[in-house]
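No value in this document is a laboratory result; all are computed from the given coordinates. Bear in mind that the values here come from a model prediction, so they are computed numbers and not experimental data.
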Amino acid sequence: MSRRLLMLLTLACAVAVGNVYFPQTTSPLVAAGLHVGPDSAAVVVTAAQFGYAAGIFLLVPLGDRVPRRPLIVTLLGLTGLALVAAGAAPALPPLVGASALVGVATVVAPIIGPLAADLTVDERRGVVSGTLLSGSIGGMLLSRTAAGTLAEWWGWRAPYLAAAVSVLLIAVVAARVLPAVRPRSAHRYPALLAEPLRLLRTERELRRSCLYQALVFAGFSAVWTAVALLLTGPAYGLGAPAVGMLALVNAATMVCTPMAGREVDRRGSDAVNLVCLLAVVGAAVVLALGRLGGVPGLAALVLGTLLLDVGMQSGMVANQVRVYALRPGARSRLNTAYMTCAYLGGGMGSWLGARAYGQVGWAGVCALLAVLAGTALVVHLRSIPAGDPRLGAGGRGRGVAGAVRSRGPAGTGRS
């Protein structure tokens with residue numbers, strides 16, 4: 001894993017993941033441009049996230065079966081075409097369909113994660129995972145900032161077309177630079193699809209990681225879907241760029257995730273998960289003050305979304321390190337199960353967030369976040385063995401991998 005290759009993989013994650021998130025910023029402008037209600041326009045966001053979950057389930061397992069370089073390049077090309085179709089959509093239904101296709105195809109980040117893990121020694125896997133995740137966070141945040149500004153200047157179609165150009169450029173570079181890595185599985189495609197379900201059934205630590213991320217990501221998506229409606233609504237009366245600027249403030253999470261990776265390597269996944277879940281619960285309390293409006297409300301939104309982003313993304317590093325240590329020969333399939341659950345939670349969170357805001361207001365969205373994160377926290381506390389100084393099964397980053405390897409064939413399983 002050279003520095004240049006890590007930078008390319010991080011950039012590819014950023015560009016691909018940003019396609020799922022920038023519609024959160026442009027949703028109010030889509031509603032105005034296509035003459036539909038805000039709730040209806042929010043379906044574009046939900047379609048992208050459910051499409052992403054479907055793409056993870058259907059396509060990411062191929063990372064264990066086919067060479068990853070042509071797979072990544074092909075998916076980037078398909079994403080670019082789907083973005084062009086979305087930017088040219090004449091009405092809401094075609095836009096929703098194109099948005100779902102974008103979500104299905106833009107799944108290169110979950111394929112890159114296992115590729116990077118294969119190219120990295122155990123002692124640096126947390127740092128590398130944190131670096132890749134910082135790229136995904138950068139794409140998530142900066143895409144919303146750029147999309148809000150572009151949409152305000154040139155209309156809601158502009159972000160889709162700009163994203164298409166970016167994705168296609170990355171595809172050209174990736175075709176030349178990505179290493180050729182031999183696939184680690186000879187399973188047929190139906191068996192690959194069945195494997196994540198089997199892993200969910202047999203691996204307790206995978207189920208635990210999936211539950212944490214699905215619940216927290218549902219709350220995260222609910223907040224970021226509704227905050228665009230809050231800031232552009234009567235309480236604040238701001239434009240789409242304000243949502244992007246709020247996301248830009250949260251770029252600090254790009255620095256936090258590599259730090260979280262180092263803490264996972266030192267202290268273990270469970271210790272980091274505990275801190276992250278407490279941060280997300282605290283974020284729900286702070287975000288509730290956003291209904292005050294004015295400067296105090298904006299300050300609460302900035303601090304609350306920062307806590308939420310740091311907690312969600314750092315927890316994701318901890319979960320992924322735990323998952324990757326289970327079966328090294330099946331990392332793409334493990335990541336398929338994990339990321340599918342996460343984005344099913346995210347899609348449901350977007351849907352619930354838009355409806356909670358429409359029926360109850362901002363307080364309802366914050367209550368939803370508190371319930372989801374609180375549930376994950378209770379499950380986590382019950383999963384920690386009493387008196388374990390390392391906070392349970394997560395162990396130390398190296399210790400987990402070593403423990404899994406020490407179990408031999410029964411622990412590692414066949415790929």
Centroid-to-centroid separation of region 233-279 and region 143-198 [C-alpha atoms, Å]: 22 Å
Sorted by chain and number, the residues with a modelled amide H under 5 Å from that of GLY268, at a separation of 5 or more or across chains, are GLY397
For region 51-68, in residue order, the Karplus 3J(HN,Hα) values (coefficients 6.51, -1.76, 1.60; θ = phi - 60°; whole Hz; Gly and Pro = x) are x, 4, 4, 5, x, 4, 5, 8, 10, 4, x, 4, x, 8, 10, 10, x, 6
Could you work out how far the C-alpha centroid of region 298-319 sits from that of region 362-378, in angstrom? 14 Å
State, as an integer percentage, the relative contact order of region 3-409 based on alpha-carbon contacts under 8 Å between residues 6 or more apart. 25 percent
Looking at the square roots a ≥ b ≥ c of the eigenvalues of the Cα gyration tensor of region 1-136, which shape do they give, rounded for a/c under 1.5, prolate if a/b is larger than b/c, or oblate? prolate
Taking the reciprocal of mean 1/r across every pair of different Cα atoms in region 200-298, the Kirkwood radius in Å is 15.7 Å
If the elastic network links every pair of Cα atoms under 10 Å, which of VAL173, VAL43, VAL104 fluctuates the most in the Gaussian network model of the chain? VAL173
List the pair-distance distribution P(r) of region 3-409, using every Cα-Cα distance, as the percent of pairs falling in each 20 Å bin from 0 up to the bin containing the longest distance, rounded to whole percents. 30, 59, 11, 0
